[in-house]
Structure formats: C-alpha cells, structure tokens
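The values are calculated or read from the model by the stated rules, or taken from the named source; none is laboratory data. These figures come from a predicted structure and were not determined experimentally. No Cβ is skipped: glycine too gets one built from the backbone with ideal geometry, and neighbour counts run over all protein chains shown. Surface areas here come from the heavy atoms of the whole protein model, side chains and all, with no ligands, DNA or RNA. Shrake-Rupley method; radii C 1.70, N 1.55, O 1.52, S 1.80 Å.
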Amino acid sequence: MKKIDLSVSVGSLNFRNPVLLASGTVGYGNEMAEFLDLNKIGGIVTKSLSLKPRKGNPPQRIVETPSGMLNAIGLANVGVEEFVKEKIPFLEKFDVPLICNIAASTIEEYVECTKILTNEKAIKGFEINVSCPNVKEGGLQFGNDVSAVGKITEKVKAVSTKPVIIKLSPNVSYISDFAEVVKKEGGDAVSAINTLVGTAFNINTRKPKIFNVTGGLSGPAIKPVALAKVLEIKQKVDIPVIGIGGIMNWKDVVEFMIAGASAVQLGTLNFIDPSAGERIVKELEGYCIKFGIEKLSSVTGSYKI
Amino acid sequence: MVIVKAPLQQVIELENKIFLLKIFSPEIARTVKPGQFLNVLVTKAYYPLLRRPFSVCDVEEDYFYLMFNIFGEGTRLLSRMHPGDLIDVLGPLGNGFNLDEDYETAVIVAGGLGTGSLGFKGTVIELLKDKINLIKSSKVKIFGCGPTAMLKALKEFSIENNFNCEVSTESAMACGFGICQGCPMEGVNSPDKYLLVCKDGPVFNVKDIVL
C-alpha cells in the first residue's frame, strides 16, 4: 500500500499534517508535552505575546455555555523577552513548527514584537492577533477595521523575515473583505476564526458571569459559523486559510478542509482532551485509507456546491 | 498527571443530593495527595462541554472517593452513573497540603459540604476563637477548606494569632493544568502576575494570596 501523504502547505509554510494547536490553548508547549508527542502534530501556535508582560483580567475569566465556553483572559502573557529567554529553549527540543502569535495595543507594538522575534531560528512564522475581543485597546478595535488590518499587515510584513498569518475576527459583516486586504498588503495567509463576542448573566445577582462583561465564545457551538466564514474567504479571495472553531474530532477537520482550509487549529478541545491532537492525526490517516485519498491536501476546497 | 478511564465501583447517596463515588484507579489512588484534585469529564456529548474539577475526599488502596453535592448538569449526570461505567479522569492536579512541616497540632477547619454538626452556634471561626486556649500552647498548623468568606476569616485569624495556615481554594477553570489561564488568584508577592489556582494551588499558604 502506498504511504498516505498527510503533509500540507500554507503559503510557504510546510506542516507534516494539517493539525495545529491554537493560540491560547497550548500555553508555551510544556504542559501539553505531558499528554502528547509534540513531534507528531502539525504545529504549535503560542499564546499571544505582547511586548511587555500582561497580567490579564481579574476573575472570573471563563464560564461554560451550551456546547461552548466564554473566556475573557485578557491576553495574560509573559511578554516577548521572557518568551525568548525562558520558553523557546524548551520548544526548540522538539521537531515541530512554531508559529508565534502576537497581540498588541498599537501598530508600533506589533512591529516591535515582530522585529525582536523574527531573529529567533525556532520561530517559523507569525500569527498576528488583530481580533482579541477581551482587551480595551487593540484587539477588535483593529479587528473590525479593514484599513487597520491592512496597515498592520503591511507594517509587520515589512519587518518580518518569516511568513505572516493574520488571525481574523468573525465579529464583522464580511470576513472576506478582511482577507482581501491581508492579501493586498502581502500577508501570507489568514486564520479564521477567532472567538465570537458573547456574554452570560447570573439571574440571581443580575451581574455578568465574567468580569469583563463580554467574552469570546469558543467550542463546538461556533463550528457552523467558522465553517461558513472559511467558505466565504475561500470563495472570494485567493489566500490560504487556516480553519479554527469548535473542532472536536477528525470529521470536523475534514469538514473544515472541504470548506477550504489548508490546515486547522484545535482550540477548546485541548482543554478537555490535551492528547486529542495526536489521536486526530492518526484518525485522519485512517480516513485517507478508507476513502483512497493519497494526499490529504487534495481535500482542501473540494466542496461540491 | 494521567488521563484514565476509571471504572466506577459504587455510588452512595449520603443524603438528599449528596453523593459519594468509589472509583477504581491505581494510577490515581496511589499517587494523589491530600488537597490535590481531579478533572472529570462527565459526558462525551457537548453539554456540559468542560471537565469538572473535584478534590479527592479519600483513597483506599486502588480506589479513590469523590464527594459532591448536585449543583448543576455535570454533577447531576455524574450522580446517575452506574457501577461499571468508565469515568474519564485527568489528574492528579495541582499542589496538595504540605503535611510534612514541623507542627504538633493539626487543626482542620472545614465549611460547606461534609461539615457535621459540632453542637456550636456560630461560624467555624467563632468556634476557633472560642477554643483557642486548647491549641495555643502547642505548635499549630491549620488546614482549611470551605467557602471563600470562611477562608478570608481564617486567614485573618491565622495571621493575628501567628498560626501557619494552608487553605484549599476553588475557581472556575477549563483545563486544570495551566494552559487556559482561566483561574487567576491574586498573589501577595507577585502584583504584576496572577497565580493560577490549578497549578500554583489549589492549596495555598494564606500568607501568599489575597483572598
């Protein structure tokens, strides 16, 4: 029997399989390494990094909702400097592509972070978070402004020696308008989607269940929305898409690929089953064998509409 | 830290809506320390979606016990499981109580679930103040577990009387092992950074946290 080829490419980035672990759901890799072999998964996207460390929001930061969860962590992270000093040495021990997610309050901060990190050999590419719904400055202030997203793409590309992926917000009317501007300004790919803005109230106290009032909805509840956004981008813009949103098993991965995703990211699932990534890769191989698919990447955009 | 599918041995309803589960898992029962917790997936369906954190109330050779009050959908489903059902358990997680320190008298202060009637009217802190002369002459360490308001009062009491005191804290959390950052705890020595209940706790010395 022929060897099944699970490898995919996203622009000039090559992954041994399409299963990446999403930013904010893998920390900096060390906790996950206790549950799965990082060398078996497609890639890791780090927790969002900002120029200086961020404390994040006070409790309560998360609340469960039907088939999903709301989070408002507020980009708590160790900052670029500590990441380079303390976190990269651990991640370097593995043979797994490292995508660095960057969040910032100003365009200058995105540029500064990229400048520092682009010299790190271990980092294979950047994912620029222009769509965090849980911070006052930056985040959605950029994420639902087409010209701001264009400007960030242009400025980051100008200083990056690595491929640049822009992580898009679903909290917009037409996500393809944003993918279009990313492509125009030289961005290498987009990832879609970040979380959907949501909230929840305690009916006894009438207070919001999370400190930040609103949070980002993730989990299987958002999968249909994410699939529709991936499809919209695929149909309107010629740019590689990384699909994210409520993936719980290998079938969901296949569905995202059919809709147009070149690769995918597992998010909330990592909280529930941190070993899922490795298992899903194996199951995708089984899927290829069962359906006689020699190259998994041939599934991307194979929808019949 | 492992993920196991552990067979349920026995379901005991202690009183209305309070349950005790006896579960077989040598991996967990032989390694878990007092104060550590487990994150339990109660269903493969997507509601409830997240695991539920429980502290282990006892171990007996290869078995461990979970005690809980039916509070929501997760605990309701768990209470309806049957002997032989496999329970998906991730753990042991977090730091337990530090039992090896130098002390002569351990004072265990509990509030909420599992506290029996002590024949005393008032809060557990009032009881402690009432009985302080009984313990004051020896080297005391206090172990506390209960609602945050109780832990707050216990912290004040311990610091006033210069007692060493560890408490077990609770928080909503998604993962239980440090990646979701969902369970921040304000630390005394780290104003620029939150501690995490799951990884840095759930047991803290009261001197280290802002309750």
- Surpassing 27 Å at the alpha-carbon level, of the pairs A:Lys55/A:Lys209; A:Lys223/A:Lys304; B:Lys121/B:Lys155; A:Lys52/B:Lys152, are A:Lys52/B:Lys152
- With 10 Å bins from 0: P(r) over segment A:151-305, alpha-carbon pairs, percent: 11, 34, 33, 18, 5, 1
- Message: Largest first and in whole Å, what are the equivalent-ellipsoid semi-axes of chain A based on the Cα gyration tensor, each being the root of 5 times an eigenvalue?
- Response: 27, 22, 20
- Item | FRET efficiency, 1/(1 + (r/R0)^6) with R0 51 Å, evaluated for B:Asn133 and A:Ile305 via beta carbons | 0.05
- Message: Among DSSP bridges having both ends in the protein assembly as shown, what percentage is antiparallel? Round to the nearest 5.
- Response: 60
- Message: Counting only protein heavy atoms, probe 1.4 Å: which residues of segment A:16-45 lose 20 Å² or more of accessible surface in the full assembly compared with their chain by itself?
- Response: A:Glu31, A:Glu34, A:Phe35
- Message: So if I place +1 on the C-beta of Lys and Arg and -1 on the C-beta of Asp and Glu, and nothing else carries charge, what would the dipole magnitude of segment B:138-211 be about its Cα centre? I want it in debye, nearest 20.
- Response: 160
- DSSP bridge orientation in chain A - percent antiparallel, rounded to nearest 5: 35
- Query: At the nearest 100 Å², what buried accessible area, both sides summed, do you get for B and A when the probe is 1.4 Å?
  - Reply: 2600
- Antiparallel as a % of all DSSP beta bridges within segment A:1-147, to the nearest 5? 45
- Seen from all sides and averaged, what is the projected area of the convex hull of the Cα atoms in segment A:243-305, in nm²? 4.1
- Task: Quote the relative contact order of segment A:16-148 in percent (integer), defining contacts as alpha-carbon pairs under 8 Å separated by 6+ residues.
- Result: 23
- Message: Could you order the peptides A:115-121, A:18-24, A:151-157 from most to least packed, using the average number of other C-beta atoms within 10 Å per residue?
- Response: A:18-24, A:151-157, A:115-121
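In debye, nearest 20, what is the charge dipole magnitude of the protein assembly as shown about its Cα centre with +1 on Lys and Arg Cβ and -1 on Asp and Glu Cβ, if you could check?
920
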- Using alpha carbons only, what's the Rg to Rh ratio of segment B:87-211 with Rh from Kirkwood? 0.99
- Task: Measure off, as a whole percent, the carbon and sulfur share of the 1.4 Å-probe accessible area of segment B:61-211, all protein chains present.
- Result: 50
- Query: Counting every Cα pair in segment B:152-211, what percent are over 17 Å apart?
  - Reply: 39
- Per the Cauchy relation, a quarter of the hull surface: what is the mean projected area of the convex hull of the alpha carbons in chain B, in nm²? 12.6
- Message: Need one number: convex hull volume per residue for the protein assembly as shown, Cα atoms only, in Å³.
- Response: 166
- Query: Is it possible to state the helix-based mean residue ellipticity at 222 nm for the protein assembly as shown, with each DSSP H run of 4+ residues giving -39500 (n - 2.57), the sum divided by total residues, to the nearest 500 deg cm²/dmol? What is it?
  - Reply: -7000 deg cm²/dmol
- Query: What share of Cα pairs, in percent, lie more than 16 angstrom apart in segment A:135-203?
  - Reply: 47
- Message: No solvent, one uniform scatterer per C-alpha: report log10 I(q)/I(0) for segment A:97-226 via the Debye equation at q = 0.10, 0.16, 0.18 1/Å, two decimals.
- Response: -0.34, -0.78, -0.94
- Task: Taking the Cα centre of chain A as origin, sum charge times position over the Cβ atoms of Lys and Arg (+1) and Asp and Glu (-1), and report the length of that vector in debye to the nearest 20.
- Result: 280
- Note on the structure: Buried by partner chains in segment A:46-76 (accessible area down by at least 50 Å² vs chain alone, 1.4 Å probe, heavy atoms, protein only) are A:Lys55, A:Arg61, A:Ile62, A:Glu64
- Query: Among all the lysines, which ones have a C-alpha under 20 Å from A:Lys124's C-alpha, if same-chain residues fewer than 8 places away are not counted?
  - Reply: A:Lys40, A:Lys47, A:Lys85, A:Lys87, A:Lys93, A:Lys115, A:Lys155, A:Lys157, A:Lys162, A:Lys167, A:Lys183
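Roughly what % of Cα-Cα distances in segment A:1-50 sit above 11 Å, to the whole percent? Write down the numbers at each step before the final one.
Working: 883 of 1225 pairs.
Across segment A:1-50, Cα pairs with separations above 11 Å total 72 percent.
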- Expected-Rg normalisation [2.2 N^0.38 Å, Cα atoms] applied to segment B:1-108: 1.10
- With a probe of 1.4 Å, find how much accessible area segment B:1-52 has per residue, and write the answer as a whole number in Å². 49
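Over every pair of different alpha-carbon atoms in segment A:62-116, take the mean of 1/r and invert it; report that Kirkwood radius in Å.
For segment A:62-116, inverting the mean 1/r across all distinct Cα pairs yields 13.8 Å.
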- Message: If you roll a 1.4 angstrom probe over the protein chains with everything in place, what fraction of the accessible area of segment A:174-247 belongs to carbon and sulfur, to the nearest %?
- Response: 54
- Note on the structure: With the 8 Å Cα cutoff and a minimum separation of six or more residues, segment B:33-144 has a relative contact order in percent of 28
- With a 1.4 Å probe and every protein chain left in place, work out the accessible area per residue of segment A:22-157 in Å², rounded to a whole number. 36
